[in-house]
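Q: Dumping the structure here so I can ask a few things about it.
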Amino acid sequence: MEYAGRLEVVSGWLEERGLDLLLLMDRANTRYLTGFRLNRAASSCLVVPRKGPPVYVVAQLDLERARRDCWLEEVIPFPEDVPDHMAVLAPFLSGARRVGVERGLFSLELAERVSRLAKGEVEFVDAGGFLLELRARKSPKELELLREAAAIADRVMAEVRKHVRPGVREQELVGWVEYLTRRFGAEGPSFEAFFMSGENAWLPQRVATEKALAEGELALLDMGAVYQGYCSDLTRTFAVGEPAKRQRELFQVAREAQAAALAAIRPGVRAHEVDQAAREVIERAGWGEYFPHITGHGVGLAIHELPILDRSSDYELSPGMVMTVEPGIYLPGVGAARVEDMVVVTEDGCQVLTSSPRDLV
Ligand code: ZN
Ligand code: ZN
């Protein structure tokens, strides 16, 4: 089973590092290893001890479902009204000296509690980086789920496109996105979708407002779906009414920048080279300063993961990695243009997973 194989790799890493145990609480990591879906408001903790079987700690309310659905033998509860995994972890922590945690998530408060339960000085070792690395290359099964997440986003985009016209509020369009995302089989949106138009787009706002779309504006919808834990991410640019010549030019450059980045993706290439390919196109057009973000990011169980296509990243791409490619230009007085697609790195290039029409319509 795929989960067991993943856990074996994690146990090997723990052994190598000489850790007494791992405490994993990041939602993407726990789902990667347990397969268990949690409510977004719920938390859990996967304990991987050096000796003995792994133990999954879930809220009392999730216990029955977890025992039924989760492949792990050991599932124990913590009381729902006391959101504290720690008390039930006492037997695992007693005497522990080296504990692996997700540094980005592990708070000072948790560190103090763990130290108290360990009854002595504890050295914390980051396991988050290792897990991100492990999750970066997707298995065929994961790719299948990512393809489905991408397909749902495409379907939502096709429907929402029909509602884009002068007078419709940004909020309203995002309402459609949220409804349709679930309607088409997703667990929910992969992040807070936004539709931004006109001035809101070149600012850029990154939230949908009460503003109504007006004739002559460019507008941008960024959204995604979660399918069986896996995220998609898709952006399209719309012209409300007939676009002006300069708006067409802007859009054309954004598309060419994306095409250049896509052409640069293949195994062995460094992340910054892909970023550079997109950036060059926009700089050549004289709009370099209006491209204020990264070219793309990995997608999987989390909406942002490795690799990050950034000018400072030396990360090497390899087959099975899935990422977005989304250079954008936000030009005051004219509009914003960005086309975002998801791709998987193949043996000799990349394959695009999202397939919504890319033209400015
Ligand atoms: Zn996006
Ligand atoms: Zn994105």
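Q: With +1 on each Lys and Arg Cβ and -1 on each Asp and Glu Cβ, and nothing else charged, work out how big the dipole of region 137-352 is about its Cα centre, in Debye to the nearest 20.
A: 420
Q: Now a separate question. Using only Cα atoms, tell me the angle between helix 140-161 and the longest principal axis of the chain; keep it within 0 to 90° and round to the nearest 10.
A: The angle comes out near 40 degrees.
Q: What length, rounded to one decimal in nm, is gained on full extension from R183 through to R311, with 0.36 nm per residue of separation minus their alpha-carbon distance?
A: Length gained, R183 through R311: 42.3 nm.
Q: Also, I was wondering about something else. Roughly what % antiparallel, to the nearest 5, for the DSSP beta bridges in region 2-135?
A: In region 2-135, approximately 40 percent of DSSP beta bridges are antiparallel ones.
Q: Using the alpha-carbon centroid of each, what span in Å lies between region 287-354 and region 74-128?
A: 36
Q: So, R0 is 45 Å and r is the distance between the beta-carbons of E64 and K245; what FRET efficiency does that work out to, to 0.05?
A: E(calc), rounded to 0.05, equals 0.10.
Q: Here's something else I'd like to know. Take the Cα coordinates of region 137-352, assign each an equal point scatterer, and use the Debye formula without solvent to give log10 I(q)/I(0) at q = 0.09, 0.13, 0.14, 0.18 Å⁻¹.
A: Relative scattering, expressed as log10 I(q)/I(0), comes to -0.33, -0.70, -0.81, -1.26.
Q: Hey, another quick one. Across 5 Å bins from the origin, how do the percents of Cα pairs in region 2-135 run, short distances first?
A: 2, 10, 22, 25, 22, 14, 4, 0
Q: Okay, moving on. Ignoring ligands, DNA and RNA, what percent of the accessible area of region 170-311 is carbon or sulfur (1.4 Å)?
A: 48
Q: Does anyone have the angle between helix 271-284 and the longest principal axis of the chain? Alpha-carbon axes, 0 to 90°, nearest 10?
A: 20
Q: Expressed as a whole percent, how much of the Cα-Cα distance distribution for the chain exceeds 33 Å?
A: Here the tail beyond 33 Å accounts for 37 percent of pairs.
Q: Return the FRET efficiency for the residue pair V9, S107: r is the Cβ-Cβ distance, R0 is 35 Å, and the value is rounded to the nearest 0.05.
A: For R0 = 35 Å, the calculated efficiency reads 0.85.
Q: Something else: What is the magnitude of the charge dipole of the chain about its Cα centre, with +1 placed on the Cβ of each Lys and Arg, -1 on the Cβ of each Asp and Glu, and no other charges, expressed in debye to the nearest 20?
A: 360
Q: Quick check for you: with a 1.4 Å probe and neighbouring chains kept, what is the accessible area per residue of region 182-222, in Å²?
A: For region 182-222, the per-residue accessible area is 44 Å².
Q: May I ask for the angle, rounded to the nearest 10°, between helix 170-183 and the longest principal axis of the chain, with both axes built from Cα atoms and the value confined to 0 to 90°?
A: 50
Q: How high is the relative contact order of the chain, in percent, counting Cα pairs under 8 Å that sit 6 or more residues apart?
A: 14
Q: Measuring from label point to label point, each 7 Å out along Cα→Cβ, what is the A158 to A42 span in nm?
A: 3.4
Q: Here's a follow-up. Counting each DSSP H run of 4 or more residues in the chain as -39500 (n - 2.57), what helix-only mean residue ellipticity at 222 nm follows after dividing by all residues, to the nearest 500 deg cm²/dmol?
A: The helix-only estimate for the chain comes to -11000 deg cm²/dmol at 222 nm.
Q: Rounded to a whole number, what % of the accessible area of region 2-135 do carbon and sulfur atoms account for, probe 1.4 Å?
A: 52
The values are calculated or read from the model by the stated rules, or taken from the named source; none is laboratory data. Predicted model only: the values in this text are computed from it and were never measured. Neighbour counts run over all protein chains shown; Cβ positions are idealised from the backbone, glycine included. When the accessible area is computed, the model is the full protein with side chains, heavy atoms only, and any ligands, DNA or RNA have been set aside. Shrake-Rupley method; radii C 1.70, N 1.55, O 1.52, S 1.80 Å.
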